[in-house]
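Take a look at the structure set out below.
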Amino acid sequence: MSHDSPVPEDIVERSASLRLLGEAECRCDDGTVTRITDARVATLLAMVALEGGMPRTRAADLFWPQSGSNARTNLRVLLHRTQKTFDLKLFTSGDVIELAPHIRVDVQAPDHQLVMSCLSAGAAGLRLLSSLELPEGLTEAAHWLAAARNQMEQRLTRSLIAWFERAGEAVDLSQAMALAEALISLNPLSEVGYQELMKALVAKGDRSAALAVFERCRKELQEHLGTHPSRTTVELHRQILRSRAEGQQLAAVGRLIQRETEIEQITQAISRRRVVIVEGPSGMGKSSLLRHVAQERGDLYWRITEQDSSRPFASLHRITLHLMERLRAQPGQPAENLAKAERFLEQLDPAHSREMASPASTRSLLESAIHIIELSRPERSTAVLVDDLHLCDDESLDVLSALVTESAALMPWCDFVLAYRPMRARRRLRALCEKLAASGRLKLVQPAALTVASVQRMLNEDGSTLAPKLVEDAVRLSGGTPAILMGLLQACQDQGSLVGVPTPAMRSLLLQRLGSCSSTAEGVARLASVAGGSFSVRMASDITGLSSWRVAEKWNELLLAGVFDAKGFAFPLLETVVYESVPETVRQFMHGEVAAVLERHGATPAELAHHWRMAADMARAADYERRLTAGDASPAS
């Protein structure tokens, strides 16, 4: 049997590392890095690395199945050209293709190294030959590559789960959150990643973000499998709710920045007997604002939780328990008052929920609620501030709506301030707002985004030495969203830069906004993140098949959720998070769809080169890049 010609003498034997996970590349020990752009070469390297030596005849048949006797020649030319390009001996000589002994490959690394790679690249960055696809007609090789990618994802999943099992409680929280997100990215229908992320967020003290992760899990399972989270995940969720409820009333009021206008609006509206509605998307500081006002005025603040939407009258039942504690704490409180409160609690028991559904029963509950609030209020006019009203169960909301709308007549000594997220408001809550607006009693307060000037003033008061440029970047990236901006400023303080953001906690908080929208609106947002500055209503209509009117409707939905503004994404970090939430394979396909539409609409070569490259269509990308190099920046026709 004849052997292929030996490797030319000018190709040296030197050590190098092959990266096949993510963007394929060859990195020599002298620092030289060369991308591997030929899908045949990259796939052959993966085959030999994962399965060992391969006969040359077998390789030739795999990659040139229709070439007959020319297949072996094609293989020889390809291997020779590749090694000349890298100036490196990659393969041994002989009838069996094997990697040269001085070549190291990332797919052969031990599991713990792969886990650590997830911290820097993320799970999406560890997809086998992520941006390469084999030419059409190589059916057997394509099937092998698909199976190998699946096996690598399974290996990564097993490795990550094993890491969490070994880590136990002595775990670095930042690492745990990053690896849990990687696990979710690999398998969004497995609950282990969600569970570990919830645990890490709770350990960090961010219960709200942990609850948002549960909602992500629940929504994913419902939409794709039609099932609910397992008993383990549900119990973890309940534990978080219990711990959040226990600490809720003792929570310290955080420092307020640039909220003088909103505080003035609320206090003036209360003095004029108007009902205040504070609305805004997650992270805008509604809770801090309400707690501050309640503390300054000595009023009652109550925050509704996810747990309160679980059964009829759950919200009313829990706030009544709290009012009873206030009653017991008041010296000289008559026993009959406590007895009335106990009877009210009995009415709210789930066993009586059907009996209490009639209008007459609602009236009875209303009168009892008024009595309890009056007993527990201070010796003056007061206000009740209810936070996260969008989580209230419908039955409690009916009673609360009657309290609010009739408070001028029934409770002249009590005013109301209600806060909620617009996109999570159900029909009953929207009806309440409409009724208040029609009566002229509604005062709408929308917390404003923080400005560079107000943040800089706060930092100066604290004696901070952060560079003004970092502060400006943090405000721009976050759009002035307080919850996100404070995290960015902390990152600047800790490491002197914004490297490593968004953190998993920020990502979870921002995805709450997208998660409150319909699946169609989510799709429009994800398309916009891929299209970037090229996005338009016309493009969305062409790609999704929706009418321009329907796309505009979804845009408005995203605007209400705080995902979009009038021009596109509300702020850059939100666009980044939405883009990264799109699985890499889907993202690649979407870039191709965007590029095809842009070609029809006449986009610039720079736009088209970018999108075709991100779609892994290197030939089309190269064509537009040549036009740019030649100085032709005119739109494609």
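Per-structure values
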| read-out | value |
| --- | --- |
| Distance histogram for the stretch 16-139 (every C-alpha pair counted, 10 angstrom bins, percent rounded to whole numbers) | 12, 43, 34, 10, 1 |
| Nonlocal amide H pairs with Val445, under 5 Å, H built at 1.01 Å | Ile277, Val278, Glu279 |
| Sum of -39500 (n - 2.57) over DSSP H runs of 4+, divided by residues of the chain (222 nm, nearest 500) | -18500 deg cm²/dmol |
| Residues His102, His610 arranged by fewest to most Cβ contacts within 10 Å | His102, His610 |
| Whole-angstrom gap from the stretch 17-35 to the stretch 584-624, using each part's C-alpha centre | 25 Å |
| Principal axis box of the stretch 482-613, alpha-carbon based, largest edge first, Å | 48, 31, 25 |
| Ordering of 431-444, 188-201 by packing [mean C-beta count within 10 Å, highest first] | 188-201, 431-444 |
| Across Lys219/Lys567; Lys340/Lys443; Lys219/Lys443; Lys219/Lys554, pairs whose alpha-carbon gap is larger than 24 Å | Lys219/Lys567; Lys340/Lys443; Lys219/Lys443 |
| Cβ-defined net charge surrounding Ala49, 13 Å radius [Lys, Arg +1; Asp, Glu -1] | -1 |
| Distribution of pairwise C-alpha distances over the stretch 109-198, 5 Å bins, in % | 3, 14, 24, 23, 15, 9, 7, 4, 2, 1, 0 |
| Cα lying deepest toward the dipole's positive end in the stretch 452-496, options Gln495, Thr481, Thr465, charges on Cβ | Thr481 |
| Cα-based reach from Lys84 at 24 Å (exclusive), listing lysines while leaving out same-chain residues under 8 positions away | none |
| Charge dipole (debye, nearest 20) of the stretch 509-629; +1 at Cβ of Lys and Arg, -1 at Cβ of Asp and Glu | 140 debye |
| Shape category assigned to the stretch 168-248 from the gyration tensor of Cα positions, a/c cut at 1.5 | oblate |
| Packing-based order for 530-539, 617-626, using average beta carbon neighbours within 10 Å, highest first | 530-539, 617-626 |
| Given charges at Cβ of Lys, Arg, Asp, Glu: the stretch 40-152 dipole, positive-most of Val107, Ser93, Phe63 | Ser93 |
| Linear extension gain, Thr73 paired with Glu235, 0.36 nm per residue minus alpha-carbon span | 52.1 nm |
| Positive dipole terminus of the chain, leading residue within Leu560, Ser361, Ala449 (C-beta point charges) | Ser361 |
| Check: the chain dipole with +1 on Lys, Arg Cβ and -1 on Asp, Glu Cβ, in debye | 1160 debye |
| Distance in nm between pseudo-label sites at Ala619 and Gln108 (7 Å out along the Cβ direction from Cα) | 3.4 nm |
| Ordering of 463-475, 202-214 by packing [mean C-beta count within 10 Å, highest first] | 202-214, 463-475 |
| Charged-residue dipole, Cβ positions (Lys, Arg, Asp, Glu), the stretch 397-525 about Cα centre, Debye nearest 20 | 520 debye |
| Extension gain, Arg363 back to Gln154 (0.36 nm per residue minus Cα-Cα distance, nm) | 69.4 nm |
| Separation of the Glu374 and Ser536 label points, Cα + 7 Å toward Cβ, nm | 6.4 nm |
| Proximal aspartates and glutamates to Lys286, defined as alpha-carbon separation beneath 13 angstrom and excluding residues fewer than eight positions away on the same chain | Glu262, Asp387, Asp388 |
| Virtual spin-label span in nm between Glu165 and Trp549, 7 Å along Cα→Cβ | 5.7 nm |
| Modelled FRET efficiency - R0 22 Å, Tyr579 with Asp172, Cβ distances, 0.05 increments | 0.25 |
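Every number in this text was worked out from the coordinates using simple rules, so none of it is lab data. Being a predicted model, the structure only gives us computed values, none of them experimental. Backbone-built Cβ (ideal geometry, glycine too); neighbour counts: all protein chains shown.
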